[in-house]
Amino acid sequence: MTLCEFFGCAFMAFGPAIAMFILTIAQDPISIIIVFASGFFWLLSALLSSIIWLFFGLSSMSPQVQLALSVIFSVHCQEVFRFLLYLTLTSLDDGLKNMIESSTPIINRKMLGYSAGIGFGVMSGVFAIINVLADAVGPATMGLKAGSESFFLISSCSTLCFVLLHVFWSVIFFAALDQYRANKIQLLFVLVTHLLASSLTLLNSGGPFAASLVPNYLIVILTACVAFHAAGGSISSLKSSLTRQ
Amino acid sequence: MAVRVSLPKLCFTSRMSGLLDEAAGLMDGHIDEARVRGDDFDEVRDRNPERRHKERRSRPRPEQAENINDGDVNSAPGRAGDQSAEWLNDQEELRYGAQHVIKLFVPVSLCMLVVVSTISSIGFYSKKDGIYLVYTPFHETSPLASTKVWNALANAGILMVVIIIMTIGLILLYKYRCYMVIHGWLILSSFILLFIFSYLYLEECLRAYNIALDHITAVLLLWNFGVMGMICIHWVGPLRLQQAYLIFVAALMALVFIKYLPEWTTWVVLGVISIWDLVAVLTPNGPLRILVETAQERNENIFPALIYSSTVVYSIVGTANNETTGSSSGVQMDSPGDTESGFVPSWREEASEREAARRRAMDEEEVQIRPRNSSQNDVANELGLGDGEHLGDDQQRRQPAGRSPFRIREDEERGVKLGLGDFIFYSVLVGKASSYGDWNTTFACFVAILIGLCLTLLLLAVLKKALPALPISITFGLIFYFASTLLVAPFSDSLASHQVFI
């Protein structure tokens, strides 16, 4: 039973990411490396945020406030590292371009944002849920002592939500930076939705999970639309891709 | 230009910057090298530009090779016509280089997976029962941190001395051509690993899952497993099977280290070993260097068994062959840190088992490569017998083009190779991290090590000299281990307990 729960929750959280990885990334070695590199950048940002969290811990603020402040800081931190990742990858691309004397970018720019998003998302998802999942294997089950029985389920749904959001955010973010003059509205959109989504999860510790889960999935849908648009998609292209078969 | 990372115990040849066709084959390369080296070795550097230039026109090339002679390449006549084709080729080559990285990621990850899953499911390997390696006489039993540090440093020092002595012994044996002794040593070590340590592993597995097994079946299983392993590692066998054995052997060795090294000693040893790696590979008098020089004098391939190699590369290479390859079939290894040299020094005694394993790997490659090459490119694959003629052909071909003939292959492509020692120490780090039960830390170490490997490869492609594979990865791994145990883990635990997502 516990093992079933473990696999169910693990695939709930990472199934879509794994599917995307296998179908779109796995064939392209460069993309795989980008996934790992972006995971590494996420780690760096997590490291920085946790240092700040420790500093907040030294202050006399209440734990709730400390957590809220470090979440806000951490969101900014992640966006900064996303930007640094963009700079690193594009300068790497330029370097390679010079080496090969090629006039076109070596790395497919659209894939760049997408792969980076998967790396970012999976890494943040792993850090959010992997220890919870390890507990799910047992011994003992959740919800016996005033805990919610659907804790694992909701936790993995929220993880899925953030994995997807990170993919979309990265697509938007990279596409915005790729424009001749960086599209500030889109960058701001990423930052604001990220802040909003993370802040909503602050409600989890007190109120019902639905209070954060439902709005967060609405944000996922909204962000997905924006990402689709930012990646160059339109309604007609969607239609043609669906009907062409 | 041979791109390889040679480490003590791990050597890694990446041909990120190599030419596709250089893959003419390990053995061929070595033989060629032997023949050519005397006269051509000095020419390597000055001639490279011409060669490159020529090759560039005729074939797709890996990205890194060019950076040295951009100007030269650009001025090459006849290049303008195939810009777009070239671009495609460049992309192909970049992918090809990246593919090498992935070809290493997979086995390294598999090895770590074996170690981590064993550690987390079988308590035996993470439990300290007071038995330690002979080389670590100080058992860190004192509660005082200062004493523990002192113990750990002393243990690591002793272990390093043993490793250095073994390395020097191996070099001496090699220098005085005691091949039988070396082979005997390697076979004995792989025998011990494949039979005794596998038996222990099997026993603990059965115990952990509470499965009953009679002795006769167990002996039968072990006998088949071990004999097949010995055959695959030291003689011939399917490539996949051999790779699997190498990975398993590395994982077993890593488990032994995790189990029988005292707590703090493990961390100190990891740090010290990567420094030793650096010294052995990079200093002019490092054992690795000495070994390489000896090997070059003799034009031999030293103990190929120390390396994990992916042969898949060869098939790719084979398709890319063209006449240029043939022309460059003379060989090259101008880089001081040959792969083979890399492994030998690295070998410490415990690791010697691996050596055997790797050697086997190399042999296997040769076997596979030869037929392919010959079918695709007659020029490229001569095993040395035909070289004289071929070289002559090359010269003739090139001379009309206004170039002096050179027979030095700038980059000997041999697929991707990573010393088993690297596998072991990467796995020790990740396994040790997982033995504390925090998956965030384990995952962070895993990603950090792979990124370190990536960076090593990138540096390799840029610097084009032999580099040790341990230092960057292990440094990253250690930093992320301690950073995430002390900082990230408490933070992410508190986020998880409040179900806050960032």
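The values are calculated or read from the model by the stated rules, or taken from the named source; none is laboratory data. All values reported here derive from a predicted model rather than from experimental measurement. Every residue, glycine as well, gets a Cβ built from its backbone with ideal geometry; the counts of neighbours run over all protein chains shown. Quick note on the areas: whole protein, heavy atoms, side chains included, nothing else; ligands and nucleic acids left out. Shrake-Rupley method; radii C 1.70, N 1.55, O 1.52, S 1.80 Å.
General observations
- Evaluating 6.51 cos²θ - 1.76 cosθ + 1.60 at θ = phi - 60° for every residue in the stretch B:246-260, the Karplus couplings come out as 4, 5, 5, 4, 4, 5, 4, 5, 4, 4, 4, 4, 5, 6, 9 Hz, glycine and proline recorded as x.
- Coupling constants for the stretch A:123-132 follow from the phi torsions by the Karplus curve (6.51 cos²θ - 1.76 cosθ + 1.60, θ = phi - 60°), and in residue order they are 5, 5, x, 4, 5, 6, 10, 5, 6, 5 Hz; glycine and proline get x.
- Residue mean of other protein chain beta carbons inside 10 Å, A:42-50: 6
- Accessible carbon and sulfur surface of the stretch B:171-260 relative to its total accessible area, %, 1.4 Å: 76 percent
- Sorted on the mean count of surrounding Cβ atoms within 10 Å across their residues, most packed first, peptides A:47-56, A:206-215, B:249-258 read B:249-258, A:47-56, A:206-215.
- For the stretch A:53-86, a drop of 50 Å² or more in accessible area on going from the chain alone to the assembled protein chains (1.4 Å probe) is found at A:53, A:67.
- A simple packing score, the average count of other Cβ atoms within 10 Å per residue, orders the peptides A:120-126, A:233-239 as A:120-126, A:233-239, with the highest score first.
- Integer Hz, Karplus 6.51/-1.76/1.60 couplings in order for the stretch B:171-182, x for Gly and Pro: 5, 4, 4, 5, 4, 8, 6, 8, 5, 4, 4, 4
- Accessible area expressed per residue, the stretch A:1-244, with surrounding protein chains retained (probe 1.4 Å, Å²): 46 Å²
- Pairs spanning more than 28 Å between alpha-carbon atoms, out of B:103/B:128; B:148/B:259; B:127/B:148: B:103/B:128.
- Mean per-residue shielding of peptide B:481-491 is 5, counting Cβ atoms of other chains within 10 Å of each Cβ.
- Computed on the Cα trace of the stretch A:1-244, the radius of gyration divided by the Kirkwood hydrodynamic radius gives Rg/Rh = 1.00.
- Helix-only [θ]222 nm of chain A, DSSP H runs n ≥ 4, -39500 (n - 2.57) each, per residue, nearest 500: -27500 deg cm²/dmol
- Per-residue average of Cβ from other chains inside 10 Å of B:440-448: 5
- For the stretch A:27-41, residues shielded by at least 40 square angstrom of accessible area compared with the chain on its own, probe 1.4 Å: A:29, A:30, A:33, A:36, A:40
- Gap separating the Cα centres of the stretch A:22-39 and the stretch B:459-502, nearest whole Å: 19 Å
- Principal-axis tilt of helix A:63-100 within chain A, Cα atoms, nearest 10 degrees: 20 degrees
- Judged by the mean number of other Cβ atoms found within 10 Å, the most tightly packed of the peptides A:180-190, B:436-446, A:11-21 leads the ranking B:436-446, A:11-21, A:180-190.
- Relative contact order (percent, whole number), the stretch A:1-244, Cα cutoff 8 Å, 6+ residue spacing: 25 percent
- Cα long-axis angle, helix A:29-58 against chain A (0 to 90 degrees, to the nearest 10): 40 degrees
- Chains A and B together bury roughly 4500 Å² of accessible surface, counting both sides and using a 1.4 Å probe on protein heavy atoms.
- Whole-percent carbon and sulfur share, accessible surface of the stretch A:1-244, 1.4 Å: 75 percent
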